[in-house]
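Written below as structure tokens is the structure these notes are about.
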Amino acid sequence: MNAQVVPLGQQPRQASSPRRQAAGAGASKQIRFDRVCLDLGGRRIINDLDFVMEPGEFVCVVGPSGCGKTTLLRLLTGLVKPSTGAITRGGVEISGPSRDVAIVFQDYGKALLPWRTVAGNVSLALEAMAVPKEERAGRIADLLRKVGLASHAEKYPSQLSGGMQQRLQIARCLAQEPAVLLMDEPFGALDAMTRQGLQDEVAGLVEELGTTVLFITHDLDEAIYLGDRVIALRANPGRDSSSLAQSIAIDIARPRDQLATREEPEFLRLRRHLFDFIQEHHK
């Protein structure tokens, strides 16, 4: 198997991309999970989790059901605190929610305010940031243009398709100008063609903005297609093994193509490697 699996802390860096250049290099923006453990209800959910996210890196997380993928997001937001160990950003321990960390949920219907228009939903983030009213219209228009909703500004969420609603949730998150974007299976409920379109849109936006992304998914093809790196978590790690089973660098050039990239030998090798991992840990 030729998948590139490397020890923690020794992941090879890919050539600098526009996204990484925009984010800037250096440990000052690193996110570090330092020997993190989490116990809930007397059960160990996360054990000895130790890895680093570089500035501007797109990291996808896969693993069998119950391995703690969504819990990982909650830890990074500061909504859940580790039982032991620490999570730091720029060398400062994360102790609670931060305005420059945004979350895109899978259930876009519940994330949006049905009584606000498309523009009004995006405006919500700007209002929370105390952006002056006279500046909001221009910023809202720019964000809606980027996510393909410029002609739908005055519609309500109920008048949008599922893909459009998810675009709106993404636009609202980007209005925060987040340094870190957390995405919890955001395309899981969408049809295949809509999902692929949104994958390309998100990849392009984060490349442009220099955003660091932690992306949770059950879809192995999606993880490989989007990620600079894929982290595979182990279910039921107990206290004798780390939750982090593998860290796999995705050495596939960007920009990626929905057809050509998925036919590359390296893509197929990585997919088989991850598929075998999931199968093994479902036994």
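I'd like to check something: does region 33-54 contain any residue that is closer than 19 Å to Gln176 by Cα and crowded, with 17+ Cβ neighbours inside 10 Å? No; the residues of region 33-54 include none that is closer than 19 Å to Gln176 by Cα and crowded, with 17+ Cβ neighbours inside 10 Å.
Of note, Leu124 does not satisfy the criterion of being assigned to a loop (DSSP other than H, G, I, E, B) and either surrounded by fewer than 20 Cβ atoms within 10 Å (Cβ to Cβ) or among the basic types (Lys, Arg) (or both).
For region 186-196, the condition of being at pLDDT 95 or above, in the same structural domain as Gly90 (by TED's automatic domain parsing), among the charged types (D, E, K, R) and out of contact with any strand residue (DSSP E or B) (no Cβ under 9 Å at 6 or more places or on another chain) holds for none of the residues. Taken together, the criteria exclude Ser158 from residues that are among the hydroxyl-bearing types (Ser, Thr, Tyr), farther than 14 Å from Leu214 by Cβ, in contact with a Cys (Cβ under 6 Å, 6 or more places away or on another chain) and modelled with pLDDT of 90 or more. The condition (being assigned to a helix (DSSP H, G or I), closer than 18 Å to Trp115 by Cα, in contact with a helix residue (DSSP H, G or I) (Cβ under 6 Å, 6 or more places away or on another chain) and not assigned by TED's automatic domain parsing to the domain that holds Gly63) is satisfied by just one residue among Arg172, Arg136: Arg172. The residue list Asp221, Asp142, Asp228 contains one member that is assigned by TED's automatic domain parsing to the domain that holds Leu75, surrounded by fewer than 21 Cβ atoms within 10 Å (Cβ to Cβ) and not aliphatic (A, V, I, L, M), which is Asp221. When region 57-93 is filtered for residues that are within 27 Å of Phe277 (Cα to Cα), in a helix (DSSP H, G or I) and touching a residue at least 12 places away in the same chain (Cβ under 8 Å), the ones remaining, listed by number, are Lys69, Thr70, Thr71, Leu72, Leu73, Leu75, Leu76.
The values are calculated or read from the model by the stated rules, or taken from the named source; none is laboratory data. Remember, it's a predicted structure, so these values are computed and weren't measured experimentally. All Cβ positions, even for glycine, are placed from backbone atoms using ideal geometry, and neighbour counts span all protein chains on display.
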